[in-house]
1. What length, rounded to one decimal in nm, is gained on full extension from D484 through to T520, with 0.36 nm per residue of separation minus their alpha-carbon distance?
2. Ordered by residue, what ³J(HN,Hα) values in Hz, to whole numbers, does the stretch 525-535 give under the Karplus form 6.51 cos²θ - 1.76 cosθ + 1.60, where θ = phi - 60° and Gly and Pro are x?
3. Expressed in nm², what is the orientationally averaged projection area of the convex hull enclosing the Cα positions of the chain?
4. Find how many whole Å separate the alpha carbon centroid of the stretch 327-374 from the alpha carbon centroid of the stretch 524-598.
5. Give the angle, between 0 and 90 degrees and rounded to the nearest 10, that separates the Cα long axis of helix 510-521 from the longest principal axis of the Cα atoms of the chain.
6. Amide H to amide H under 5 Å from D416: which residues, 5+ apart in sequence or cross-chain, H placed 1.01 Å off N in plane?
7. Under the definition of Cα pairs under 8 Å and six or more residues apart, what whole-number percent is the relative contact order of the chain?
8. I need to check one value: relative contact order of the stretch 396-471, counting alpha carbon pairs closer than 8 Å and at least 6 residues apart, in percent.
Amino acid sequence: MGSRISLTSLSNQRGAIVVSTAVLLGALLLFVALAVDTGRLYYEKRILQQQADLAAIQASQLYCSGFDDADTVASGIRDTLIDHGFNPDDTENSLTVNLGTLAVNNNRREFTSSAEFQSVQVVLSRTIPSALFAGSIFNDITLTASGVAERDLTATLSAGNALISVDSDQSPVLNSVLGGLLGGSINLSAASYQGLVDSAITFSDLIVELSSAGLLAATAGVDDLSNLDLTLTELLTAIGNTITVSGGSAAPVTDITNAAIAAGSGAETVDLGNILEVDDDYVGSDQSDDSEVSPLQLITAALLDINLGDTVNFNVAADTSSLPIIQDLFGNTLNQTMALTIGSGPTIAVGRFGYDTLGAPRTLARAAALDLATNISLNFGPGSSGSLSALLGTLLTVSGDITVAMSTAESEAWLDQISQCPRLLSRLFDFTVGTSPGALDLEIRGANPGDPANLSVDLTLGGLGLINTTLEVEGSLPIASGSDSTVPFALDLSQPDALPSEEGSASTSVSSAVSNGVATAGSSLVSNISTTVLGFPVTLSATDEATLTNNLLIALAPILGGVAELTLDPVLEALGIGVGEVRVQILDVEEGRSELML
């Protein structure tokens, strides 16, 4: 007997299928809704992360290591965020900018807010419904994304005049100074010196040459270079080779090298640690390695380094045509022996702007500390070569030896802060450099420190000596001392001649200080005086004595000042020493790209 399917059973099965299908469709719709919501959340998160990364890159472009505070940076990136779909002013959105540093913990980079900052973090958050299909059931969700980026600007800084241009008046002085430091003689033209100024070399290219010579590892950076000891010949050879590779002429360096070898100073050791100051927290950067330096400045610093603590004597022969009184007294050429004692040499600093957590400058350069003296021999009277001397010789005979001596302490300069970063389109770069001039002492004395200078003045008539006055002169001269200050720089880095750039605070000159100081100090410089009339000693009243000595020193002041102008001033300029100021030179600026770090 066959089986039967009842109508009731079929009806029940159809009902079960309908229910199952409805449940299945509901579950399918739920999974689709979850997939859509999950994808939407991932998509929103991805867009938010892209916006955070973009904002971080631009923020570091605005920030550039030390410029602006977090609020200023946040304001600067606001328009860019709006253009890319994120409005910080919307109630569901928020923007936070933090400044700090990156550290590696357990092989992972971590951002930490810090007063010593070089990184900028941008944190974006957006509140959205957690579900599109059941928004009233589920709470809203807040998505957060952060980006961390860095961009640093490094500069190569010197605290002293590096002779951006050299003319024919300066080259003889440079020959005398550098020849004296070499212990021999050199005779380079103004064009040769200018070539050394213009042939800027990078530290990385210099490292390549030293590496080729087996003196430094191929992977070395400027921080390794600053820890190197070389002979003077090794350093000069590497500098010359670097200039040649870059397309310049190494002939002037070759001449200096040959002079060093001939004088026996080529074997002297140069401690580059005394010359290069590298931002310790930023060693190993391509920016620092690619920084440029003037070969002339590097060579001068090396020559000063090999003479640390020594006294170097050299002669300066100056054309007197620019100062008629000196020409009349000394003839067409003034020959002066200079004594130079080096207390410390100059440093060239490479690093970032700003200060560390202790408030110390990251990048600090120093000018040399030295003593410089010249002995002025006075012998004006019958038989003198100068026309004024010959004229005065019929009435006066002046003789004596007076030493003008000066002593400088280290002056300092440091990269202070940036006020306008160079951008991709506008290459304007404004910043300040802090300066602290070292103390400077200026004195009149005898040839030996501690001894007074002697000056004798004879009034004659028809060859008969009438009156003789003999003075002992010594003492410090007043000189303006500068104070800590900041020097503004405004550079257009799009201009090929923007660097090197030199600025400085107001200053005086040694010659002005000498002539003004001697005339102002007057009788206070006289430690002893004696006067004779027809060979018989006489005693002058205090008033007459002061009047006599004041008048004699007022007459002497322009002579001493003129000699200082032709000798001391140009030597100090060649060595990068200012009076009451710090001359600052920015040799190079290297910009880092904004780089996403986290």
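1. Numbers: separation 36, 0.36 × 36 = 12.96 nm, distance 2.68 nm.
Extra length available between D484 and T520 comes to 10.3 nm.
2. With coefficients 6.51, -1.76 and 1.60, one gets 7, 8, 8, 7, 8, 9, 10, 10, 10, 6, x Hz.
3. Numbers: hull surface 176.3 nm².
Over every viewing direction, the Cα hull of the chain projects on average to 44.1 nm².
4. Using only Cα atoms to place each centre, the spacing works out to 16 Å.
5. 50
6. Long-range HN contacts for D416: G354, T432, V433, G434.
7. About 15 percent, as a whole number.
8. On the way: 137 pairs, mean separation 28.2, N = 76.
Rounded, it is 37 percent for the stretch 396-471.
Laboratory data are not the source of any read-out in this text; all were calculated from the coordinates shown. Just so it is clear, the structure is predicted and the values come from calculations on it, not from any experiment. A quick note on method: Cβ atoms are made from the backbone with ideal geometry, for glycine too, and the neighbour counts reach across all protein chains shown.
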